[in-house]
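The numbers here are math on the coordinates, done by the rules we state, and not lab data. A quick note: this is a predicted structure, and the numbers were derived from the prediction, not measured. Cβ: placed from backbone, ideal geometry, glycine included. Neighbour counts: every protein chain shown.
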Amino acid sequence: MTGRSQVINVTKMRGNLRETTEDSVAIEEPLEIRLGYEDAGKRRTRSVSITMRTPGDDEDLATGFLFTESIIRSPDDIAIIKPCDGDNTLRMELEDGVDVDLDRLQRHFYTSSSCGVCGKASLDALRATGLEPLPAIPAQFSRDVLVDTPGRLRAMQETFAKTGGLHAAAAFGSDGELLVVREDIGRHNAVDKVIGALFRAARLPARDLGLMVSGRASFELMQKAAVAGMPLLAAVSAPSSLAVELAREFNVTLVGFLRGDTFNVYAGEERIAE
């Protein structure tokens, strides 16, 4: 096992031929996120999430998750982040006096588009966090930058090149520069890692950056982009209906089917410059 991939023996079939060879697979392991915080003058610790992820950038992952779930609001909220009890548990200690509303984490359990909860409930939960539509801002992204970004992202996916089994996400500027690139076996984890890195660098809200994802644009990815203040979400595959509804309500530009020199714009067309 090396890095984020593992070499295993497999049997490869080609017609009537059978051979044993080596193949690389993406590593998938659980990560438990524990939160330490002050409550009524006492320090408390609570396990707030267990997610299956590709090891690496775990601090970014935990930070991005807790920020997009509205548990932390500023890098100053964090006292320390450290691994504990082995490689698959991460503890984030918050500073004394940080107001923690763990009821907001209940929303995490139904934002996944695979869970079957109705769109109205998901949108109502997001509105309850106080999220406002993004203002009309001068940030624009040219057609050339958009069509070049998937290829540049793919070129930086080191583990995907070995395994073909990881998603990627990137924050990019209007000049096409990829500022943060992260990989993970889960789409939402890759995005949390990007947003967590921006958060820790005090770059949020990122109102001058776009978010590129290597798969489809689902509700949970759109809500993470909106919470991070990112004015554009671009995906190489299809958006969901709820992602489109969310993009239009919160004034986020949504680009889908970004392949080759073509793409569809589902919301916020004014931010796409010729």
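Please report I72, I195, I8 as a ranked list, fewest other C-beta atoms within 10 angstrom at the top and most at the bottom.
By the 10 Å Cβ count, ascending: I8, I72, I195.
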(request) Give, to the nearest whole percent, the P(r) tail of the chain beyond 33 angstrom, counting all Cα pairs. (result) 23 percent
(request) Could you check the simple spin-label distance between A238 and L179, using points 7 Å along Cα→Cβ, in nm with one decimal? (result) 3.2 nm
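Per the helix-only calculation at 222 nm, which mean residue ellipticity applies to the chain, given -39500 (n - 2.57) for every DSSP H run of n ≥ 4 and division by its residues, nearest 500 deg cm²/dmol? Each step should come with its number before you reach the end.
Numbers: 7 runs with 71 residues, N = 274.
Value at 222 nm, helices only, nearest 500: -7500 deg cm²/dmol.
If you filter region 13-95 for trypsin sites (Lys or Arg not before Pro), then keep DSSP loop positions with at most 16 other Cβ within 10 Å, what is left?
Numbers: sites: R14, R18, R34, K42, R43, R44, R46, R53, R73, R91; in loops: R73.
The qualifying sites are R73.
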(request) Give me the number: length gained by fully extending M156 to T45, i.e. 0.36 nm times residue separation minus the C-alpha to C-alpha distance, one decimal in nm. (result) 36.2 nm
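Within the set of other residues whose C-beta is less than 15 Å from the C-beta of E59, count the net charge using Lys and Arg as +1 and Asp and Glu as -1. It would help to have the intermediate numbers written out before the result.
Numbers: positive: R34, R53, K82, R91, R182, K193, R200; negative: E32, D57, D58, D60, D77, D87, E93, D184, D192.
In short, -2.
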(message) My understanding is that a pair violates if its Cα-Cα distance is over 22 Å; which of K193/K224; K82/K224; K12/K162 do that in this structure?
(response) K82/K224
(request) Could you line up D58, D184, D148 from fewest to most neighbouring Cβ atoms inside 10 Å? (result) D148, D58, D184
(request) May I ask you to order 223-229, 266-272 by the average number of other C-beta atoms within 10 Å around their residues, highest value first? (result) 223-229, 266-272
(request) Grab the beta carbon distance between D87 and R207, set R0 = 35 Å, and tell me the FRET efficiency rounded to 0.05. (result) 0.50
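In units of 2.2 N^0.38 Å, what is the alpha-carbon radius of gyration of region 141-273?
Values: Rg = 13.1 Å, N = 133, 2.2 N^0.38 = 14.1 Å.
It is 0.93.
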(request) Using θ = phi - 60° and the Karplus relation 6.51 cos²θ - 1.76 cosθ + 1.60, list the HN-Hα couplings for region 244-261 in order, rounded to whole Hz, with x at every Gly or Pro. (result) 5, 4, 5, 4, 5, 5, 9, 6, 10, 6, 10, 10, x, 6, 7, 9, x, 10
(request) Could I have the simple spin-label model distance between R248 and T11, label points 7 Å from Cα toward Cβ, reported in nm to one decimal? (result) 5.2 nm
(request) May I ask you to list the aspartates and glutamates whose Cα is less than 16 Å away from that of K42, ignoring any residue fewer than eight positions away on the same chain? (result) E93, E95, D96, D99, D101
